[in-house]
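Below you'll find the structure, written out as structure tokens, and then a few comments.
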Amino acid sequence: MYEYEQEAYAQGFRAVCGVDEAGRGPLAGDVYAAAVILPQGLEIPGIDDSKKLSAKKREQLYEQICAQAAACCISSATVEEIDRLNILQASMLAMRRAVAGLSICPDLALVDGNRDPAFPDGLACRTIVHGDARSGSIAAASILAKVARDRYMKALDAKYPAYAFSKHKGYGTKLHYQMLDENGVSPVHRRTFLKKWEAGR
């Protein structure tokens, strides 16, 4: 899980951050991203792709990562930005914001997936497909982004109880579409994701 980081430090990089996002697929809510710089040599037991972990384990690791990371930052892009830019560009924006918010300036970003978010200031970037299962710092970022977004969706559930956001986290489940059929679109729904549903009403 730490091979990419070790290789980068051996090549002379001084601060390597892992970057990942959460919430590209849902019909509602902001898209989140996190950036994490782990201290050289630190290996956090149990760290893995956030999708493979239970919610309880993610919460435990979230606290551990925040306590032990050399630097970390969680950011997001809004529903309005998703609808205006498209979800891919909004995800890239959230990633850039997360990296910009780090208290330590990284000189290399390891990014989950195959898209370079086009970081400013000449920050080197390496994209890693399935990086959240192959890089410790990307996995850490995936956990922070996922937990932060789940907490945000629970808060939205309290604000818009008719949509059961805490149950489906905004994803297009049968329950979610049922709630949409009954209540219509809320201010936190991604209108560009609902064109087919709206056309079929």
Out of all the residues in region 48-78, which are under 19 Å from Pro117 (Cα atoms) and touching a residue at least 40 places away in the same chain (Cβ under 8 Å)?
Cys72, Ile74, Ser75, Ser76, Ala77, Thr78
Selection from region 89-114 of residues that are of a type in the set (A, V, I, L, M, F, W, C) and without any contact (Cβ under 8 Å) to a residue 60 or more places away in the chain
Ala90, Met92, Leu93, Ala100
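Any chance region 14-25 includes a residue that's in contact with a Pro (Cβ under 9 Å, 6 or more places away or on another chain) and surrounded by fewer than 20 Cβ atoms within 10 Å (Cβ to Cβ)?
Taking every residue of region 14-25 in turn, at least one turns out to be in contact with a Pro (Cβ under 9 Å, 6 or more places away or on another chain) and surrounded by fewer than 20 Cβ atoms within 10 Å (Cβ to Cβ).
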Does Ile44 meet the test of being crowded, with 23+ Cβ neighbours inside 10 Å and in contact (Cβ under 8 Å) with a residue 60 or more places away in the chain?
no
List every residue pair whose Cβ atoms sit under 6 Å apart, with the two residues 6 or more apart in sequence or on different chains, where the first one lies in region 171-187 and is without any contact (Cβ under 8 Å) to a residue 40 or more places away in the chain and of a type outside the set (Val, Ile, Thr) and the second, anywhere, is loosely packed, with under 13 Cβ neighbours inside 10 Å and part of a helix (DSSP H, G or I).
Asn183/Ala162
Quick one: count up the residues across region 38-92 that are at pLDDT 90 or above, small (Gly, Ala, Ser) and within 26 Å of Cys125 (Cβ to Cβ).
8
In the set Asp150, Asp107, Asp112, which member is touching a Ser or Thr at 6+ places or on another chain (Cβ under 8 Å) and surrounded by 14 or more Cβ atoms within 10 Å (Cβ to Cβ)?
Asp112
Can you tell me which residues in region 45-99 are farther than 18 Å from Arg24 by Cβ and either in contact with a strand residue (DSSP E or B) (Cβ under 8 Å, 6 or more places away or on another chain) or of a type in the set (D, E, K, R) (or both)?
Asp48, Lys56, Lys57, Glu59, Glu63, Ile65, Cys66, Ala69, Ala70, Ala71, Cys72, Cys73
Quick one: how many residues across region 153-163 are more than 17 Å from Lys51 (Cβ to Cβ) and surrounded by 15 or more Cβ atoms within 10 Å (Cβ to Cβ)?
4
Residues that are farther than 29 Å from Ala100 by Cα and under 17 Å from the mean Cα position of the chain (by Cα): list the helices (runs of 4 or more DSSP H) wholly contained in region 121-201 that include at least 1 such residues.
165-168
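The values are calculated or read from the model by the stated rules, or taken from the named source; none is laboratory data. Bear in mind the structure is a predicted one, so any value in this text is a computation, not a measurement. Virtual Cβ from ideal backbone geometry, glycine too; neighbours counted across all protein chains shown.
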